[in-house]
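Each remark here refers to the structure printed beneath this line.
The values are calculated or read from the model by the stated rules, or taken from the named source; none is laboratory data. It should be emphasised that the depicted structure is a prediction, and the values quoted were computed from it without experimental measurement. We place every Cβ from the backbone using ideal geometry, glycine too, and count neighbours over all the protein chains shown. Surface areas here come from the heavy atoms of the whole protein model, side chains and all, with no ligands, DNA or RNA. Shrake-Rupley method; radii C 1.70, N 1.55, O 1.52, S 1.80 Å.
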Amino acid sequence: MQASRRRRTAMSNTLYYQPVQKAEAYYLPQFQTLDNHLSGNQSIYHSPSTTSFSSNGSSICHQESRTYLSDVRQSPETNYGSPITGSCITDDMNDFMHKLKELETVMLGPDSDFLECYDNSLSSSIASQEIDSWRQMMEAFPRRDLKQVLIACAKAVSDGELLTAQVLISELRQMVSVSGEPIQRLGAYVLEGLVARLAKSGSSICKSLRCKEPASFELLSYMHVLYEICPYFKFGYMSANGAIAEAMKDENRVHIVDFQIAQGSQWVPMIQAFAARPGGPPHIRITGIDDSTSAYARGGGLNIVGQRLSKLANTFKVPFEFHAAAMSGSDVQLENLRIRSGEALAVNFAFTLHHMPDESVSTENHRDRLLRMVKNLNPKVVTLVEQESNTNTAAFFPRFLETLDYYTAMFESIDMTLPRGHKERINVEQHCLARDVVNIIACEGIERVERHELLGKWKLRFRMAGFSPYPLSSLMNATIKTLLESYSDKYRLEERDGALYLGWMNRDLVASCAWK
């Protein structure tokens, strides 16, 4: 483990300290606030078991998680991705185990009068022979296989077999744990989703999860840890940056439209790389789109992103403009983008398009509307990075199976980096991943915003909008492979049909491609 961490530290430092004209400078966004680039702090990697701190001792992290990290661009009232629960785990190690027990009590206890009603009816209305039947059902699971019990419970919920579901929920409460095996940890959040769905409380998940929200700096700290221990997000941003850098290498005026800019840190290495371009840097203009509720994690409005990027660009003597568009991506209209003639346009859809309602949710079908609008702008390149999962229009039970399979792979990969009892790992999973899991399982209609599609479906949407594939860079592929070597040999990178796929063992997790 220590050797692996040293290799990862060395690799990360190598990526940062390389001259900016090298390929890595284009590809690798640093997970830290932009102020650190201006204060002389160039330590970009920290042990995955610790939180990153700036030279003055404050936490440094950002919200570049986008969809995987449950961006807080929606309010708790609408359940569109605000942090799942609050700071149930304190920094006091003497209090840690006590707080952990409290968290599990909150997570796994009855969550509504609805379920309490069934708890009461269970003892009064169910004959002993039915209880014996359920006991036999439980014994039929091989070694009380947790995954199979979760699936059986979801099937009972799907079929409306409420009493059977309640019995299985009671059993599952004894089997899951936020500090156990990967399937036990994931099972705790899956169970919360099943309970919420059964209680028809999908629209008020934040109320049923009774902890307070973490402070914004704590949430960003958890995101920082996840960013460092998992390569999914680095892979996405590196691949997108590589395609944009390749398309813009000969342009003098560049306009980048980012449909979920968050902290804006994806563009730090791009600005640095353009600064070292032979013949001088181009004039760069960035339009940052971001729902205003993201200000909670960012610590302020989009003006913060613009000021930091402008200060960085000034340091590197790069002509720069920033335009803030504080709105949901699905609300963007042509006039919000302020397109100018004479600028080469790049549009970045990284971990964000799946939040746009499509024809199954809205008659406006914002996914296809946005793609048609962007195509009409004649961009040089459009980048797409999305989770390789099928949860958009799938019915509840197949959607449950897909979610269980997908997040099992993710939780297993986290296990390779952080110890199971590590309090930061618990916080990372609780605040950065569990919200997505609960939303997918418990919510329907407009309340379910985690609506992923497989790349095959995204390709159809892009082609219907008039796009054609933009070729991938072999140099970018090699850079990403080098990155993966510092994590685990169970990660794999494959290029298929003009797209890059990052996977864990046999499961594809993230897909990236570019269009023109």
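Details
- Projected label distance in nm at Ala395 and Glu494, using a 7 Å step from Cα toward the beta-carbon: 2.9
- The string of couplings for the stretch 170-183 from the Karplus curve (6.51, -1.76, 1.60, θ = phi - 60°) is 4, 5, 5, 4, 8, 10, 9, 6, 6, 10, x, 5, x, 5 Hz, one whole number per residue in order, with x for Gly and Pro.
- Residue ranking by accessible heavy-atom surface, 1.4 Å probe, largest first, among Ser216, Ser389 comes out as Ser216, Ser389.
- Area accessible to solvent at Ile183, 1.4 Å probe radius, in Å²: 40
- Distance (nanometres) between label positions extended 7 Å along Cα→Cβ at Asn477 and Asn336: 3.6
- A protection proxy built from the mean count of other Cβ atoms within 10 Å ranks the segments 379-388, 474-483, 333-342, 490-499, most packed first, as 379-388, 474-483, 490-499, 333-342.
- Violating pairs (Cα-Cα greater than 32 angstrom) within the set Lys423/Lys459; Lys311/Lys457; Lys380/Lys457; Lys249/Lys459: Lys423/Lys459; Lys311/Lys457
- Considering only alpha-carbon pairs that sit under 8 angstrom and 6 or more positions apart, the relative contact order computed for the stretch 325-392 is 40 percent.
- Rounded to whole Å, sorted largest first: equivalent-ellipsoid semi-axes of the stretch 436-516, Cα gyration tensor: 26, 21, 9
- Once the C-beta distance of Glu359 and Asp415 is scaled by a Förster radius of 25 Å, the resulting FRET efficiency is 0.05 to the nearest 0.05.
- Projected label distance in nm at Glu181 and Leu163, using a 7 Å step from Cα toward the beta-carbon: 3.2
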